[in-house]
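Here the structure is laid out as structure tokens; the discussion comes afterwards.
The values are calculated or read from the model by the stated rules, or taken from the named source; none is laboratory data. Everything numeric here is computed off the predicted structure, so don't read it as measured data. Cβ: placed from backbone, ideal geometry, glycine included. Neighbour counts: every protein chain shown. With ligands, DNA and RNA removed, areas are computed over all heavy atoms of the protein, side chains included. Shrake-Rupley method; radii C 1.70, N 1.55, O 1.52, S 1.80 Å.
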Amino acid sequence: MQLKHEVASGGIAPGPESKLDHQGLETVSPGQQHLPLGAIGGTTYVSGQLLVQQTAYKLSDKIFSFSPETFDLDQAVQEWSRAGEKNAHGEATTVVPLQTRAGAGTFALGYIFSKDFDLRKRHIPQTLLAPSLSLRHLRSALDQLSLLYGVASPFVAHIAAADYSAHDGLITEYESALQIAEDLGLGLVSSVSAYEAQHMSLLATLLATLLPTLHVYDGLRIARETLRVVDALSEAAIAEIYKKIAKEAGALNKRLDTAGKVVELLRLFNAELGTSYAPFEYHGHEAPELVLVVFGSAEAQLAKQVVNSLAADGKKVGAVNVRIYRPFIEEAFLEALPESVRQIAVLGQVRDAVAVDDASVQSALYSDVLAAVSFADRWLQEPAVVDVKYAASTVHTPSSIASIILRLSSKDGQESISVALPALEQARQYTFWDVDNSAAVAAPSAVGKLLAREFPSNIYVHEVFDNLVQGGAVRTDIRSSEKPIEAPFAVEEADVVFVGEEKLLKDVDIVKGSKSGGKLILRLPGFKEDDLEKRIPASARKQIREKGLELFVLDSSYSPALEKDAQLLTQLAFLRVARPEITLEQLTKLGEVAQDQVILTELADALQQALKKVEVAAAWSEAAAEGLARPLAQGLKPTSFVPFQKDEPEAALKLNSWQEAAKGLVFKEAYSTQVDLRPDLTVKTFTVHVKENRRLTPLDYDRNIFHIEFDLGDSGLTYNIGEALGIHADNDPQQVLEFIDFYGLNADDLVQVPSREDPSISETRTVYQSLVQNIDILGKPPKRFFESLAEFATDETEKKKLAFLGGKEGADEFKRLSEVDTVTYVDVLQTFTSAHPPFADLVRIVAPLKRREYSIASAQAVTPTSVALMIVVVDWVDTKGRKRIGQATRYLSQLEVGAAVTVSVKPSVTKLPAKDTAPLIMAGLGTGLAPYRAFVQYRAMQKAQGKEIGPILLYMGSRHRREEYLYGEEWEAYLDAGVITLLGAAFSRDQPQKIYIQDRMRQTLPDIIKAYIHQEGSFYMCGPPWPVPDVTAVLEEAIAADAKESGRKVDPRKEIERLKEAGRYVLEVY
């Protein structure tokens, strides 16, 4: 992939049909889309399972769900119900989650036949969502429903064919649905593909007006594969079609039996949708001798394509796909069979391998086919009917289906054949392998969303999780095709294979799935060419050589930044190898790249060194297997639909005394004690140490502005240009001790207090620790504190006063106390002494301490082991003559060199432009210069490396040059070195007339026009908000002046809005 920065022609336009949410290069998992009900329709990227839920929600009164937690069979309908989305009947559908257990289904039965049931809803369908594993527990309820169906509401059950086997993991299981439908006289419809899942859901709901109906679909692959559906019905269309056909169905000839009514209803359905669905659908040679009869989603898809392929080669074979299994319409089945057939093979599923080998066990489908053929009189010589049984755990492929056909039809006993589907010849296929807790685990799905923008491509994304390999492994298959394809099986010949965890090569035969002449990418952190053969197993090396694969190694440890952005790195590395024609600019046009263009550019540059093509030695073809190595697995067995949850929550340790605390510290293993840096924090924190703390302004000056720099040491902290550093500051210890004395507390008592970052989490601290590190006792109380404190006041006068200050009528006085008197929690408690809540209640009504964020004044690329801030101490004198100092700036200004500080990193809107040659126009007031110091540092480094950089116009504003020329010597040096092009310093009080930053900008208006408009630069401003209107006015003047000179009509305000949207007008005010 040529990750270059010049604009390339022939960019890929975003596909307007995609409705997926985008983050970075996209992060969305198949089967987990969160789409509004109204967003589904027309051309849409969805999964079959989502289409089933859409139909169920739109047509149902209630949905009874038996979805296991990780199956997500009801995730969408629950979201729509909570959002109050309306169904076709004008109400929000109620979703009732239930557990699969003995007697399951009685709740639904009780509702349908309740005495209190609203008879006006008797015509509205009731729906059940469940996996096939639940059917055995629903049998008794379905039996009763079937017997009483004449007085029941229409009932449809959408069944995802999914069960769990201790030996084989998740399996696609149809047998229980077929058996229960036959035994209880239920209707049964099958979806062959995700494309038709919506139609079959609708058809099954219509059939439910005649008899209780099951709609069965593949719950493992087809239902969960994300793909592009070009003609999905909208919610309005579903409602309209259902109401129209249901009305027509009510007028069907009463003399028709159930099978006759089903045929008529299907005819009405086809006429309305313009489709040609049939109870049994034939494919293949026009005069076949062998016909395969199949039921099931993947089975039907594969049989159709395989027999068509074989028939095109002259083989007299065909297949009948069973769409409506119950009622089994014998006339329709016999009509689907060509007269030339001599052998009928029923591909019938049974429970397991034992049943396959048991001659006394017949598949459910075989019994029906045998009966229909035996009682027919259309053949002079009756075709032979054979039962080709397979276990539910069997995973079919084109080759396996072809082998079955060949074994039955071949006279020479040939039992195996390799078949490639013609539809896949023009498709690009990719496979990703990784452990499921990898930082880049979402990268494949993100790549899928990126490729989905490549209109008119059809993208198919499917994940398989195996919790038993390497503690949790995941395989993601992606297929990209200009035409729709049906390939319900794992990728067998991948153009590119990406392996994110090298250990998987020792457990799974990954290389086997590569296409000859394809490409293989291995992520090998700390890569050294001498160690390559040691890190790749001999069997893998041999296949790499024999298949003629191009081998690429991605060393993600090349830079700390690469490890931090592992997901984005994986996507870029894959695209560089798999789609080298896509440029960085085209990614930007697609809207798939991360918002931070600088990070993307830095990663793209670093990739030049981190991704290397490695020569495959000829000797690898003779590599011998190591020792007695165990056989490699041929793939992953799906054991879950989600990553393995490796962390089991432990019960919270309750401490009542120091003795209990000591036990947890001494016997860490027994008490599961973990030593972490602030594990309660919702942000990732780091411990850094003060490296430098120096005042920038003179000691006799009334403003203390200081530069503080932290040594990162081995903290692992990384930051990007423009980000902010969060300081988790402590309260002043002396003031805390004074409050403890005033309030009558014991500083060493243990208490439970809310975490400062997440109040829903409690932690055990001493009273002193909690007041220093958790509770904002020295901060400004909000209005609700007065209201809460009033409940504890014992003096009626104070109670009324506190209630007054906490109510609407006391708004003016509260505002005076807060903004003029700047009272703290302590001040209020000292004023209203009768309000003395116990400490446990006090920590509940006092807000927790919050971290304070400051713009970073350094670039890590220049100072890799440190991070710098520029801060002004916030101080004032209150109405009582007391000097007050801000909590965080007091804490920071008093820190000595070597002091440990807890910090975190926060992203910011202030970013460098994507192009190094783009001009920078920066306006910083006071400490607002901090982020621009980082900008200039970085550009200076680029210039020193010989790179071309754009002009830099730096405008700064402060009071006096002598006292507040912050980093003045650095700016002058950068100006002399040609890094800074223009330095506009405005010292407002150094002359009789005040000069502000906007004045300096106006004086250099031609420079701004050239840099900002002609050279397409970016404008940044950081500092207090008051100058924003005046500074913006100068930019508008520049736009207007340039427009006038060029004879164009431009609205400066609208142009500023456009620049803001383009990221070229960035404000960070505080």
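Points to keep in mind about this one:
- Restricting 833, 797 to residues that are in a helix (DSSP H, G or I), over 28 Å from residue 888 (Cβ atoms), open to solvent by 20 Å² or more (accessible area, probe 1.4 Å) and among the hydroxyl-bearing types (Ser, Thr, Tyr) narrows the list to 797.
For (1) modelled with pLDDT under 95; (2) buried (at least 18 other Cβ atoms within 10 Å of the Cβ); (3) basic (Lys, Arg); (4) closer than 14 Å to residue 901 by Cα, each residue gets a yes or a no:
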site	(1), (2), (3), (4)
695	yes, no, yes, no
715	yes, no, no, yes
718	yes, yes, no, no
730	yes, yes, no, yes
746	yes, no, no, no
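- Within the range 452-476, being buried (at least 22 other Cβ atoms within 10 Å of the Cβ) and either assigned to a strand (DSSP E or B) or without any contact (Cβ under 8 Å) to a residue 40 or more places away in the chain (or both) holds for 459, 460, 461, 462, 463, 464, 465, 466, 473, 474, 475, 476.
- Looking across the range 403-436, not a single residue is modelled with pLDDT of 75 or more, touching a helix residue (DSSP H, G or I) at 6+ places or on another chain (Cβ under 6 Å) and more than 24 Å from residue 635 (Cβ to Cβ).
- As for the range 231-251, it holds no residue that is crowded, with 24+ Cβ neighbours inside 10 Å and in contact with a Pro (Cβ under 7 Å, 6 or more places away or on another chain).
- When we screen 819, 853 for residues that are at negative phi and part of a helix (DSSP H, G or I), the only hit is 819.
- Annotation note: of 439, 446, 452, the sole residue that is farther than 21 Å from residue 554 by Cβ and modelled with pLDDT under 90 is 452.
- Residue satisfying condition, being over 21 Å from residue 304 (Cα atoms), hydroxyl-bearing (Ser, Thr, Tyr) and in contact with an Asp or Glu (Cβ under 9 Å, 6 or more places away or on another chain), within set 374, 340, 403, 360: 374
- Any chance residue 940 is within 21 Å of residue 705 (Cα to Cα) and outside the structural domain of residue 723 (by the TED database): no
- Qualifying residue in the range 316-335 (condition: over 27 Å from residue 203 (Cβ atoms), out of contact with any helix residue (DSSP H, G or I) (no Cβ under 9 Å at 6 or more places or on another chain) and surrounded by fewer than 16 Cβ atoms within 10 Å (Cβ to Cβ)): no
- Some residue of the range 282-299 being more than 25 Å from residue 385 (Cα to Cα) and without any contact (Cβ under 8 Å) to a residue 60 or more places away in the chain: no
- Residue match in the range 960-972 (condition: closer than 30 Å to residue 700 by Cα, open to solvent by 80 Å² or more (accessible area, probe 1.4 Å) and in a loop (DSSP other than H, G, I, E, B)): no
- In the condition set (1) part of a loop (DSSP other than H, G, I, E, B); (2) open to solvent by 10 Å² or more (accessible area, probe 1.4 Å), residue 489 is compliant with all but (2).
- Some residue of the range 104-116 being assigned by the TED database to the domain that holds residue 56, free of Cβ contacts under 8 Å to residues at least 60 places away in the same chain and among the β-branched types (Val, Ile, Thr): yes
- Checked across the range 304-314, the condition of being within 18 Å of residue 387 (Cα to Cα) and in contact (Cβ under 8 Å) with a residue 12 or more places away in the chain holds for no residue.
- Number of positions in the range 279-289 that are assigned to a loop (DSSP other than H, G, I, E, B) and either surrounded by fewer than 18 Cβ atoms within 10 Å (Cβ to Cβ) or at positive phi (or both): 3
- Yes/no for residue 661 being modelled with pLDDT under 90 and either surrounded by 14 or more Cβ atoms within 10 Å (Cβ to Cβ) or not assigned by the TED database to the domain that holds residue 933 (or both): yes
- Residue identified as of a type outside the set (Gly, Ala, Ser) and assigned by the TED database to the domain that holds residue 885 among 719, 743: 719
- Taking the range 147-191 as the region of interest, the strands (runs of 3 or more DSSP E) fully inside it that hold 3 or more residues being touching a helix residue (DSSP H, G or I) at 6+ places or on another chain (Cβ under 9 Å) and either open to solvent by less than 20 Å² (accessible area, probe 1.4 Å) or farther than 25 Å from residue 366 by Cα (or both) are 155-161, 187-190.
- Single condition residue 722 does not satisfy, out of (1) buried (at least 21 other Cβ atoms within 10 Å of the Cβ); (2) in contact with an Asp or Glu (Cβ under 6 Å, 6 or more places away or on another chain): (2)
- Taken over the range 64-91, the residue count meeting the criterion of being surrounded by fewer than 16 Cβ atoms within 10 Å (Cβ to Cβ) and among the polar types (S, T, N, Q) is 1.
- Enumerated strands (runs of 3 or more DSSP E) restricted to the range 870-930, each holding at least 1 residues that are open to solvent by 30 Å² or more (accessible area, probe 1.4 Å): 875-877, 883-885, 900-906
- Restricting attention to the range 530-576, the residues that are at pLDDT below 80, open to solvent by less than 10 Å² (accessible area, probe 1.4 Å) and not in a loop (DSSP other than H, G, I, E, B) add up to 1.
- Residue check, residue 1045 assigned by the TED database to the domain that holds residue 931 and either open to solvent by 70 Å² or more (accessible area, probe 1.4 Å) or touching a Cys at 6+ places or on another chain (Cβ under 6 Å) (or both): yes
- Condition met for residue 779 (small (Gly, Ala, Ser), open to solvent by less than 60 Å² (accessible area, probe 1.4 Å) and not in a loop (DSSP other than H, G, I, E, B)): no
- Odd one out for residue 362 among (1) of a type outside the set (Ser, Thr, Tyr); (2) at pLDDT 90 or above; (3) in a helix (DSSP H, G or I); (4) open to solvent by 60 Å² or more (accessible area, probe 1.4 Å): (3)
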